[in-house]
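A.B. asks: Mind looking over this structure? Questions follow.
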């Protein structure tokens, strides 16, 4: 349906082509927007491309060619940071898809206090990320935190959620899921209620079990919602910074560093050229991973 | 918010100019802004200075602005300097960090101001660039070493250790008595660097020219046995199981509380912690003692010292005369007395004529002999070399929690400092 409407629009556009030169709005109406966009977005983008090639102290800069990029890729923690970033993006986006969909199915069915539960699930999305980070840092304290004290009550010795280098990244990812799953759920709810009832009726006539209903009707028909959730949370996961910084600052040591936190640390240390180069790398990384992903998701959608 | 502040500042300083133009007396008038970090002690001292100064000069108003400490604070200072929006008078580090804010371009030299005559040369050397002096001490000098809990030492009959082996033997006895021997607080990563940084007296004792060679890219932490010891010590206390259970998550205030109340016996820290203990746990102040980080030989036992942070005047100030008068007031014996009263004594002053009160806390009394005749001390590396790598605190967390062996950590740090040296444009890197 979406495809045909886009095609319809382009037909209309083709028919109207001669009309275009007689648009009632003169071209310079675009000027204010163009100026704001160039000054605030284009100029800094190109300036950052230049500064990524310099050794920059904010006070002056010397051109050093590609040295910053060489240095950035020699950064001993960068490789781990890259791996961590991808792990983090994959873990958070897949958990958000699975949990978000299950919650949405539950919240679109006839259950008690549906409206209340919907707002409860969505509530963490509205809270400041840094606030969430600080709260969970306290809850996850290895000895005095509520989580481990609760576990101790039932005789389990809780792990050092944020101080064990093997666990820290996953602990932060879990908090990210807790905070972000509400948005995924809302997108899925919108996707689910848009599925025409006819399909479910047809399935019932064919004698489908609820499980079959879910796998053969719900799942394929909410693929647009899935594509949106995956894309949004994957990009969010790749450039994640605030939650990691609030909870572990990339620690212990470098165990939960992501590309964004490595970049920020270079900036903090005053290596402005180097951190700008890092941002260029992050920009390219996101483009390289996300463009094929969206193309893949959208092509599948077109096949339906 | 910065913009509103800036406009307010501009408005206020124009008003200040008008006022000072009409003033004829020697008394100062006008308005200043004073940027300090948000540590409770800094705020208390700054407020006391401003109150005293404005009482003597009723036509002066001074607005205190507060910024975070650590790396966030560095960013604010650098950004405000670069954009010309710095407060008239501000507080910042001396030594290697001072070199990174481009003093000759951004700061007002105070070399020939009258109050500079009373300031010690050793301090001037860490706030000078291009032959000019820019800073005035904000605080007394500090030492980096180990706070210890005196009741635990008395109870177990322990002696102050003069060598690292004696220190480890003490730790063993404390552990055997069922107590935490060494407190570490990696929840605030900067605190993890102390065992490495405070070992520098011992490095210099073994290799007197380490700092020059380090700056010239000729000496390395990984290949100099004396310099590597700091990292090894960090690893040893972890491996021996001396640390508090929550060492990975505890914070600096936790560490001070533990050593003051006897939850732990030793806490490696800078002596400015005395002021924080006096403020938060005054009842336990008498229970905390201090000794220098011991080296491998009892003969060369001395303290690694830190120069105090400094007060600078921004070149962009609209009111340089008033700024100088205020900074001169801080850098006078009167300024020291006000500090003593506001937050107590935390170390020996770098200003001639400044005295400590008679009843100093025991930790400070333990520290003073290192500064006096016959005592041994040496400055920390960051005051002898501009090269300090930004990732040291993460590396020391790794070494200190068993994630990475000492030798690896030292080698990684050698890689890390390379960036800083290149950024500063030093020769030989």
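A.B. asks: Identify the residue in region B:104-116 that is in contact (Cβ under 8 Å) with a residue 40 or more places away in the chain and assigned to a helix (DSSP H, G or I) and, among all such residues, is surrounded by the fewest Cβ atoms within 10 Å (Cβ to Cβ). Give the derivation first.
C.D. replies: Applying the first criterion (in contact (Cβ under 8 Å) with a residue 40 or more places away in the chain) to region B:104-116 yields B:105-108, B:110, B:113-116.
Remaining after also requiring assigned to a helix (DSSP H, G or I): B:105-106, B:114-116.
Values: B:105: 14, B:106: 20, B:114: 11, B:115: 19, B:116: 17.
Only one residue tops the list, namely B:114.
A.B. asks: In addition: Conditions first: (1) out of contact with any helix residue (DSSP H, G or I) (no Cβ under 8 Å at 6 or more places or on another chain); (2) modelled with pLDDT of 85 or more. Residue A:65 passes all but one, so which condition is the exception?
C.D. replies: So residue A:65 meets the others, but not (2).
Let's see how each residue does on (1) in contact with a helix residue (DSSP H, G or I) (Cβ under 6 Å, 6 or more places away or on another chain); (2) more than 14 Å from every other protein chain (Cβ to nearest Cβ); (3) not in a helix (DSSP H, G or I):
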site: B:166; (1), (2), (3): no, yes, no
site: B:172; (1), (2), (3): no, yes, no
site: B:175; (1), (2), (3): no, yes, no
site: B:178; (1), (2), (3): no, yes, yes
site: B:186; (1), (2), (3): yes, no, yes
site: B:193; (1), (2), (3): yes, no, no
site: B:203; (1), (2), (3): yes, yes, no
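A.B. asks: Keeping to region A:250-260, report how many residues are buried (at least 23 other Cβ atoms within 10 Å of the Cβ) and more than 9 Å from chain B (Cβ to nearest Cβ).
C.D. replies: Looking only at that region, the number is 3.
A.B. asks: Quick one: which residue in B:406, B:345, B:421 is at pLDDT 90 or above and crowded, with 21+ Cβ neighbours inside 10 Å? Show your work before the answer.
C.D. replies: Working: B:345 fails: at pLDDT 90 or above; B:421 fails: at pLDDT 90 or above.
Testing whether each residue is at pLDDT 90 or above and crowded, with 21+ Cβ neighbours inside 10 Å leaves just B:406.
A.B. asks: Could you please let me know if residue B:136 is farther than 26 Å from residue B:36 by Cβ, in contact (Cβ under 8 Å) with a residue 40 or more places away in the chain, crowded, with 22+ Cβ neighbours inside 10 Å and in contact with a helix residue (DSSP H, G or I) (Cβ under 8 Å, 6 or more places away or on another chain)?
C.D. replies: Details: farther than 26 Å from residue B:36 by Cβ: no; in contact (Cβ under 8 Å) with a residue 40 or more places away in the chain: yes; crowded, with 22+ Cβ neighbours inside 10 Å: yes; in contact with a helix residue (DSSP H, G or I) (Cβ under 8 Å, 6 or more places away or on another chain): yes.
Answer is no for this residue.
Quick grid of which residues meet (1) in the same structural domain as residue B:91 (by TED's automatic domain parsing); (2) more than 14 Å from residue B:271 (Cα to Cα); (3) without any contact (Cβ under 8 Å) to a residue 24 or more places away in the chain:
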{"site": "B:312", "(1), (2), (3)": "yes, yes, no"}
{"site": "B:316", "(1), (2), (3)": "yes, yes, no"}
{"site": "B:321", "(1), (2), (3)": "yes, yes, no"}
{"site": "B:326", "(1), (2), (3)": "yes, yes, no"}
{"site": "B:352", "(1), (2), (3)": "no, yes, no"}
{"site": "B:358", "(1), (2), (3)": "no, yes, yes"}
{"site": "B:362", "(1), (2), (3)": "no, no, no"}
{"site": "B:382", "(1), (2), (3)": "no, yes, no"}
{"site": "B:388", "(1), (2), (3)": "no, yes, no"}
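A.B. asks: Would you tally the residues in region A:165-199 being in a loop (DSSP other than H, G, I, E, B) and either over 18 Å from residue A:249 (Cα atoms) or within 13 Å of the chain's Cα centre (by Cα) (or both)?
C.D. replies: Result for region A:165-199: 3.
A.B. asks: Look at residue A:269 and say whether it is over 23 Å from residue B:73 (Cα atoms) and within 10 Å of chain B (Cβ to nearest Cβ).
C.D. replies: Against the criterion (over 23 Å from residue B:73 (Cα atoms) and within 10 Å of chain B (Cβ to nearest Cβ)), residue A:269 does not qualify.
A.B. asks: Identify all residues within region A:44-86 that are under 29 Å from the mean Cα position of the chain (by Cα), surrounded by fewer than 16 Cβ atoms within 10 Å (Cβ to Cβ), more than 22 Å from residue B:403 (Cα to Cα) and facing chain B (nearest Cβ under 10 Å); write none if there are none.
C.D. replies: none
A.B. asks: Out of the residues in region A:124-142 that are buried (at least 17 other Cβ atoms within 10 Å of the Cβ) and within 10 Å of chain B (Cβ to nearest Cβ), state the one that is nearest to residue A:259 (Cα to Cα).
C.D. replies: A:137
A.B. asks: Within region B:380-421, track down each residue that is closer than 27 Å to residue A:55 by Cα, outside any helix (DSSP H, G or I) and more than 9 Å from chain A (Cβ to nearest Cβ). Give the steps one after another, and end with the answer.
C.D. replies: Quick first cut of region B:380-421, residues closer than 27 Å to residue A:55 by Cα only: B:381-395, B:409-421.
Narrowing further to those that are outside any helix (DSSP H, G or I): B:384-391.
Of everything in region B:380-421, those that are closer than 27 Å to residue A:55 by Cα, outside any helix (DSSP H, G or I) and more than 9 Å from chain A (Cβ to nearest Cβ) turn out to be B:384, B:385, B:386, B:387, B:388.
A.B. asks: Run residue A:109 past the list (1) more than 24 Å from the chain's Cα centre (by Cα); (2) closer than 14 Å to residue A:178 by Cα and report the number of the one that doesn't hold.
C.D. replies: (2)
A.B. asks: Would you say residue B:120 is modelled with pLDDT under 90 and either surrounded by fewer than 20 Cβ atoms within 10 Å (Cβ to Cβ) or within 22 Å of the chain's Cα centre (by Cα) (or both)?
C.D. replies: Values: modelled with pLDDT under 90: yes; either surrounded by fewer than 20 Cβ atoms within 10 Å (Cβ to Cβ) or within 22 Å of the chain's Cα centre (by Cα) (or both): yes.
Here the answer is yes, as residue B:120 does meet what is asked.
A.B. asks: Hey, among the residues in region B:83-103 that are farther than 18 Å from residue B:419 by Cα and surrounded by fewer than 18 Cβ atoms within 10 Å (Cβ to Cβ), which one's farthest from the other protein chains (Cβ to nearest Cβ)?
C.D. replies: B:85
A.B. asks: Has region B:330-344 got at least one residue that is in contact (Cβ under 8 Å) with a residue 24 or more places away in the chain, part of a loop (DSSP other than H, G, I, E, B) and more than 18 Å from residue B:122 (Cβ to Cβ)?
C.D. replies: Within region B:330-344, one or more residues are in contact (Cβ under 8 Å) with a residue 24 or more places away in the chain, part of a loop (DSSP other than H, G, I, E, B) and more than 18 Å from residue B:122 (Cβ to Cβ).
A.B. asks: Quick one: which of B:55, B:72 is surrounded by fewer than 21 Cβ atoms within 10 Å (Cβ to Cβ), within 14 Å of chain A (Cβ to nearest Cβ), more than 24 Å from residue B:281 (Cα to Cα) and out of contact with any helix residue (DSSP H, G or I) (no Cβ under 7 Å at 6 or more places or on another chain)?
C.D. replies: After ruling out the rest, the residue left standing is B:72.
A.B. asks: Let me ask something else about it. Take the residues of region B:55-75 that are at pLDDT below 90 and in a helix (DSSP H, G or I): which is farthest from residue A:61 (Cα to Cα)?
C.D. replies: Taking region B:55-75 as the starting set, the residues that turn out to be at pLDDT below 90 are B:68-75.
Those left that are additionally in a helix (DSSP H, G or I): B:70-75.
Details: B:70: 24, B:71: 21, B:72: 22, B:73: 22, B:74: 19, B:75: 17 Å.
My answer is B:70.
A.B. asks: Please tell me if residue A:120 is more than 12 Å from chain B (Cβ to nearest Cβ), surrounded by fewer than 16 Cβ atoms within 10 Å (Cβ to Cβ) and at pLDDT 90 or above.
C.D. replies: It is true that residue A:120 is more than 12 Å from chain B (Cβ to nearest Cβ), surrounded by fewer than 16 Cβ atoms within 10 Å (Cβ to Cβ) and at pLDDT 90 or above.
A.B. asks: Answer yes or no: is there a residue in region B:44-51 that is out of contact with any helix residue (DSSP H, G or I) (no Cβ under 8 Å at 6 or more places or on another chain), assigned by TED's automatic domain parsing to the domain that holds residue B:335 and closer than 14 Å to residue B:138 by Cβ.
C.D. replies: Looking through region B:44-51, at least one residue is out of contact with any helix residue (DSSP H, G or I) (no Cβ under 8 Å at 6 or more places or on another chain), assigned by TED's automatic domain parsing to the domain that holds residue B:335 and closer than 14 Å to residue B:138 by Cβ.
A.B. asks: Right, here's the next one. Test of understanding: among A:251, A:278, A:237, which residue is at pLDDT below 90, in contact with a helix residue (DSSP H, G or I) (Cβ under 8 Å, 6 or more places away or on another chain) and outside any helix (DSSP H, G or I)? Walk me through it before giving the result.
C.D. replies: Numbers: A:278 fails: outside any helix (DSSP H, G or I); A:237 fails: outside any helix (DSSP H, G or I).
Answer to the selection: A:251.
The values are calculated or read from the model by the stated rules, or taken from the named source; none is laboratory data. Bear in mind that the values here come from a model prediction, so they are computed numbers and not experimental data. Here the Cβ is made from the backbone with ideal geometry for all residues, glycine too, and neighbour counts use every protein chain on show.
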